[in-house]
Amino acid sequence: ALTNLKSSFGALTEKDQLLSKSISSQNDNRASAKISSQITATAGTTTLVVSDLAENQVVYLDNDSSDVTNEKYTSLTQNLSDDDFTITINSPSGGSANVITVSTHTTQGIIDAINAADINGIKARALNFDSSGTSFNIVVEGKTGAANSFDISSSLGNFGEITTQTAADLDLTV
């Protein structure tokens with residue numbers, strides 16, 4: 001993909017090749033770009049200024065609704081409840097509620113339930129921050145762009161969440 005991008009930008013120096021250029025990616029979480037012009041385009045220099053990169057939303061989940069920094073999960077098989085509980089994801093933020101029932105009452109059960117729900121590309125995984133292998137958060141990530149923001153909540157009593165990165169659009173000036 002990088003070679004194609006380099007070739008496309010290199011071709012911009014040749015006026016006869018300024019008909020149409022396209023850049024894309026196989027990854028759904030990446031933006032694509034298309035550069036088009038008429039054959040009568042004037043040769044010259046154009047400046048592209050990227051003010052902000054597009055970002056995806058990232059939320060950390062842990063085992064304490066009052067303090068996300070202290071109560072990490074201790075195992076993927078850690079029992080969180082004796083009963084089924086729900087996780088609600090609104091994507092985009094403020095949109096309609098997607099209610100997920102978690103019937104495997106463990107941290108792995110939360111990860112599997114979120115991933116199986118397939119809500120607007122939102123995925124969950126375990127992430128060990130302190131390299132101990134015994135303490136981790138669940139990381140929930142959405143697709144890139146402000147339109148892909150989401151809200152997450154749960155009926156589980158000890159369900160903490162903190163948004164560490166908000167979804168944002170690319171800000172590009174030509």
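Note on Asn128/Ser155: beta-carbon distance plugged into 1/(1 + (r/R0)^6) with R0 of 30 Å gives a FRET efficiency of 0.70. Placing a pseudo-label 7 Å from each Cα along the Cα-to-Cβ vector at Ala117 and Thr74 gives an inter-label distance of 2.7 nm. Every Cα-Cα pair in segment 78-128 was counted, and those over 13 Å apart are 57% of them.
If you take the beta carbon distance between Asp52 and Ile162 as r and set R0 to 30 Å, what does 1/(1 + (r/R0)^6) give as a FRET efficiency, to the nearest 0.05? So, using R0 = 30 Å, E works out to roughly 0.85.
For segment 149-156, backbone phi angles converted through the Karplus equation (6.51, -1.76, 1.60; θ = phi - 60°) give residue-by-residue couplings of 5, 8, 10, 9, 8, 8, 7, 5 Hz, Gly and Pro being listed as x.
Every read-out reported here was derived from the displayed coordinates using simple, explicitly stated rules and does not represent laboratory data. Because the structure is a prediction, the values reported are computed rather than measured. Cβ: placed from backbone, ideal geometry, glycine included. Neighbour counts: every protein chain shown.
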